Each structure stands twice: as structure tokens, then as C-alpha cells.
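What follows draws every value from the coordinates through simple rules; no lab data is involved. Just so you know, these numbers come straight off a predicted model, no measurement behind them. Here Cβ is always computed from backbone atoms with ideal geometry, including for glycine, and neighbour counts include all displayed protein chains.
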Amino acid sequence: MITELRKTEFYRIRHIADTCNNIEVKAIVSGMNPGRVFADHPENIRAALIWIQGQSGFHIVGDPQSKAFVDGLASYMQREIEPWLNKLDIGYVEISCETAGWMEAIEVIFGKYKLSNCHQHVYRLGEAMKMDGIPSGNVTVHRMDKSLFYDKRVSNLAFVEDKLSRFWDSPDDFFRHGFGYYARCDHMVVSLCFSAFVAGQTHAIDIETLEGYRKRNYAAAAARAFVEECGSRGVQPYWDCSPDNSGSLRLAGMVGMVPHFDYRIFWYSLQSVTS
């Protein structure tokens, strides 16, 4: 029977999480970043579905031969998870996985839905870092600190606050465990690059540039500063992006990131469940 674990019980799936390449899983299970865990048993856990709040999606881990989990997941999703996603105004279910066994199992479990899927690429820092272009004009790059939240000259602090709240329980948690940089143009924060998930000495990057300021190297400046600090601190940056995001792929290469591994994402629309 599938059950949700309390946060104080997440340690019960650490033996599974530790085998995952995806650090988002490890970050949730360790309690570093916000999420939820649904397991096939309260204690003797063989398989689990992990809600990764920062990605608004799930990652499935463990043994795809867990009969209780595989047989019960679709009905549990319909009964417990899909109504919850609707309340969050999330109109889809997204589930990622790393192994061929889970890829096959997901196809079977959700076969009655119109299921789509794609590969996702993960990059890590190679031996050399490079930067092919830097921003010009009235643009500055700053390290994120608490003073940013009290800077009345910044006109779009909500952009920063919304980004951090997606991945962290509080700004204090972020500043305690992560770091980041932002590019500024006049009185606007136009690009952010920061630790979205942290697992040991690996920091998953989230990077976003405001529409209207893209393709002008603001993201490149923030990413360069972030990766340089990773190098000086012995931190391994972790860059996750989709194959069709040519800008992110290009930027990853600009700062010296190299391919690490791929995994697969499946998704279906909640509208297809009700129609």
C-alpha cells in the first residue's frame, strides 16, 4: 500500500536515493530542499515517488519490480495526487526516471493516458572553464546576499523572492547552504544564477533571465561568476536542461560544462484524465 512519509521519515529511503544520479532526489530526501515522498511501504521501502517542489514534478526511484507500488500507483495518483496538483493550478503530471526498468514500468502504469516523453541532459564542470562573451554597458554582476532584499533601488525584488521560494523553504536556508549571482541592469535584476538544490558538495544550478534581456550575455556573466566560485570552493556545479533549450546548452558549454548523464521525463495532461 502506497503511503506518504513524513519529513522525519525521509531517511528511510536514503539507501535508494544514494544510488541516484539526480541530485534533486538526494536534496529532497536529506531534507535540504522542499518536497514530498510517497513509498510502497512505511518502513521496508523498495520503491518511491518523490515530489521535487522546485521542478513541479516527480522522480521515481527504487525497484520497478515492486508489485505493491507498480500495481497501486495509478489509482493513488488519481485519488491523492492529481486533485492536489489541480489545487496548485498545475495542469500536468511529470515523472522522471533514470533506469530502463522504470521507463518500461511508467509506460505500463500510465498507458491509458496520452503519455509524452523526452530526454533530459545533465552537465557537470569539465577540466577547463571558458567564457566567449561578457556583457557590456551599464550591467553589473553581484553575489547574492541578504542586503539585496533591503535594497530599495531594486524595482523587481519579487522576481528574486519568487525564484528562491520555489526551491527553498526560506531565504535563510538558501543563504546557509547555497549561493548565487545576479546581473543587474539599471534598477532591475535581469538574470539570476544560484544553487537550486544542494547535495553534499554538488549544487544544481537554476538560471533565469528576464524576457527582453535574453541573448545579451547577462546570463553568461552570472553563470561565469557562479561557476568560478564553485571552482574556488571545491563545489561541483550540476546543470540540467532539455535538448531543445539551445540557449542553455550553449551557455553550459561557454562556462566549461560537459555532458554527464541523461535521464527521461514522462508527462501527461490532467485534462486527458478527466476527458
Taking 7 Å along the Cα-to-C-beta vector as the label spot, tell me the N44-R176 distance in nanometres, rounded to one decimal.
3.6 nm
On Cα atoms only, tilt of 67-76 relative to the major axis of the chain in degrees
70 degrees
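Want the number for A68 to Y11: 0.36 nm per residue separation, take away the alpha-carbon distance, what's left?
Working: separation 57, 0.36 × 57 = 20.52 nm, distance 2.06 nm.
The A68-Y11 span can extend by a further 18.5 nm.
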Which ³J(HN,Hα) values, rounded to whole Hz and listed in residue order, are derived for segment 8-15 from phi using the Karplus coefficients 6.51, -1.76 and 1.60 in 6.51 cos²θ - 1.76 cosθ + 1.60 with θ = phi - 60°, glycine and proline given as x?
5, 9, 4, 4, 5, 10, 4, 5
Setting aside same-chain residues fewer than 8 positions from K215, which lysines have a Cα under 26 Å from its Cα?
K130, K163
Amide proton proximity set for V37, modelled H, under 5 Å, gap of 5+
L5, W51
Among the lysines, which fall within straight-line cross-link reach of K112, defined as a Cα-Cα distance under 21 Å, with same-chain neighbours fewer than 8 residues apart omitted?
K67
Return one number: the angle in degrees, 0 to 90 and rounded to the nearest 10, between the long axis of the Cα atoms of helix 157-167 and the longest principal axis of the Cα atoms of the chain.
30 degrees
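Figure the gain on full extension for N21 and S155 (residue separation times 0.36 nm, minus the Cα-Cα span) and round it to one decimal in nm. Could the numbers behind the result be given before it?
Numbers: separation 134, 0.36 × 134 = 48.24 nm, distance 3.86 nm.
Residue separation times 0.36 nm, minus the Cα-Cα distance, leaves 44.4 nm.
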Computed helical MRE - 222 nm, the chain, DSSP H runs ≥ 4 contributing -39500 (n - 2.57), nearest 500:
-8500 deg cm²/dmol
Only Cα pairs under 8 Å and at least 6 apart count here; give the relative contact order of the chain as a rounded whole percent.
23 percent
Give me the dipole magnitude in Debye, nearest 20, for the chain about the Cα centre, with unit charges on the beta carbon: positive for Lys and Arg, negative for Asp and Glu.
460 debye
For the chain, what class follows from the C-alpha gyration tensor (a ≥ b ≥ c being the square roots of its eigenvalues): rounded when a/c is under 1.5, otherwise prolate if a/b is larger than b/c, else oblate?
prolate
Which length gain, in nm to one decimal place, applies between D145 and S75 when the Cα-Cα distance is subtracted from 0.36 nm times their residue separation?
20.7 nm
If you fit an axis through the alpha-carbon atoms of helix 100-109 and take the longest principal axis of the Cα set of the chain, what angle between them do you get, 0 to 90°, nearest 10?
60 degrees
With N denoting the number of residues in segment 107-235, provide Rg(C-alpha) divided by 2.2 N^0.38 Å, to two decimal places.
1.21
